[in-house]
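Written out below as structure tokens is the structure these notes cover.
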Amino acid sequence: MARKRTISLQRKKAIYGVLFVTPWLLGFLLLMLIPFIQSLLFSFNKLTLNAEGYSLEFVGLQNYRHIFFVDAWYVRTLNDAVAVMVLDVPLITFFSLFTATLLAQKFRGRMLARAIIFLPVVLASGVIAKLDSGNFLAQMIGSASADVEGNYSGLRSIELRPLLLQAGLSMEIVSYLTGAVDRIYQIISSSGVQILIFLAGLQSISPSLYEAAKIEGATGYESFWKITFPMISPLILTNVVYSIIDSFYDNSLTQMIQDSAFGRLDFGVSAAMSWIYFLVISLILTISTYVISKRVFYYD
């Protein structure tokens, strides 16, 4: 009689992991691989449109030299995009975790609260997303909008900046916090997916862990830092990676790349811009993933 073959748990996880990434892998191989290679080829050539389609003239690193030494706006716009990412990603991650923690609690009107939280995410998917978030927020709260230099936030009526300075905070921290208030609508509308991920992770934590901690006399604060935070730390890594990619998805730099290709028909320079952008994003993701992975706790 043939012996029944069993599969180990680790092997099952490996098989499920391969099945999970298979749709993306097939999509990349069938739809993205050829354009990916072509864009790299275009970045080292001058592309000219003609009756037969296009012709390539090899120019080496000339397109890259043009970006760094001739174009006066690319490097500046790239720096601005990275700066916005550095400012927004921690705020989005913290807000998402804080909001998901509140929504995971059992209280009356929880479904209504979730609907209100996700309303800006729904509104941001249409023409409202094109509105200036600072002016939109000012109209929502009925106060003056922020000035050009960002000296005061949209919540000028409560004098947030002088209040924080009087509390003894440094100018850098005060500017960061008031800037976060200025961009509160943008932060909320960019946190929808992250809130869902955190909410799913919080609901998957076994209640027995909290019951055991409560029996041992742990406070809610201690339970959060000793149980909740370690258990969802893998999701923090996931949301940070998602937020970084999302912040680079549609901004002034991507518009510049599109204008270079389809406005000035300079496809070689546009491809070089895209590859520099891709390498910068890859470097940021690699560093962020490496640093956060050191603190991630995986519960088996």
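The values are calculated or read from the model by the stated rules, or taken from the named source; none is laboratory data. As the structure is a computational prediction, the values presented were derived from the model and not from experiment. Cβ coordinates were reconstructed from backbone atoms using ideal geometry, including for glycine residues, and neighbour counts include every protein chain displayed. Protein only, heavy atoms only, side chains kept; ligands, DNA and RNA dropped before computing areas. Shrake-Rupley method; radii C 1.70, N 1.55, O 1.52, S 1.80 Å.
Things worth noting here:
- Accessible area per residue was computed with a 1.4 Å probe on protein heavy atoms; T6 scores about 120 Å².
- Rounded accessible area of M32 (nearest 10 Å², 1.4 Å probe): 110 Å²
- FRET efficiency for the pair A200 and A51, taken as 1/(1 + (r/R0)^6) with r the Cβ-Cβ distance and R0 = 45 Å, rounds to 0.25.
- Across K13/K294; K106/K294; K13/K214; K12/K294, pairs whose alpha-carbon gap is larger than 29 Å: K106/K294; K13/K214
- Taking the average, over residues, of other Cβ atoms within 10 Å as the packing measure, peptides 270-283, 195-208 rank 270-283, 195-208 from highest down.
- Charged-residue dipole, Cβ positions (Lys, Arg, Asp, Glu), region 1-110 about Cα centre, Debye nearest 20: 1360 debye
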